[in-house]
């Protein structure tokens, strides 16, 4: 019986896998101004309202757009990269730049007039009042 023995260098394979993963991540997570990021958010509900909270640190209030149409809340924003001076070199950045859009659809009708939003300390808070269902106040009268 004969066996073929092949020597393998595991460091070569690990290095190759690491390089491929780095290339993939660099392609997916492009830190240019045209990239997308997804901020952390949460949606809560009680009997009378929906509460939406989105973390948008570093984003100016003027760069946030909020729209409500047919029970669909659309939030979009852009975090622009600051211009670097010619003598500056960026060594590391974990800051997400670019734009994002988040759409949240709600089951109940929204009372737009009584809803509100607030942006403070990098956190956007939106309170959406649920439309009060009109109770049927009709009654059938009988003739005596």
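The values are calculated or read from the model by the stated rules, or taken from the named source; none is laboratory data. What you are looking at is a predicted structure, and each value in this text was computed from that prediction instead of being measured. Heads up, the Cβs are rebuilt from the backbone with ideal geometry, glycines too, and the neighbour counts pull from every protein chain shown.
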Any chance you could count how many residues in region 76-106 are surrounded by 16 or more Cβ atoms within 10 Å (Cβ to Cβ) and over 16 Å from the mean Cα position of the chain (by Cα)?
-> 1
For the subset of region 109-118 comprising residues that are in contact (Cβ under 8 Å) with a residue 40 or more places away in the chain and over 12 Å from residue 65 (Cα atoms), which member is surrounded by the most Cβ atoms within 10 Å (Cβ to Cβ)?
-> 110
Scan (1) farther than 27 Å from residue 109 by Cβ; (2) in contact (Cβ under 8 Å) with a residue 60 or more places away in the chain for the single condition residue 79 breaks and write down its number.
-> (2)
Sort out which residues of region 65-107 are closer than 17 Å to residue 129 by Cβ and in contact with a strand residue (DSSP E or B) (Cβ under 8 Å, 6 or more places away or on another chain), and write them in order of number.
-> 66, 67, 68, 71, 72, 73, 104, 105, 106
Only one residue in 67, 62, 47 is in a helix (DSSP H, G or I) and either over 12 Å from residue 103 (Cα atoms) or free of Cβ contacts under 8 Å to residues at least 12 places away in the same chain (or both), so which one is that?
-> 62
Going by the structure shown, is residue 52 at pLDDT 85 or above and outside any loop (DSSP other than H, G, I, E, B)?
-> yes
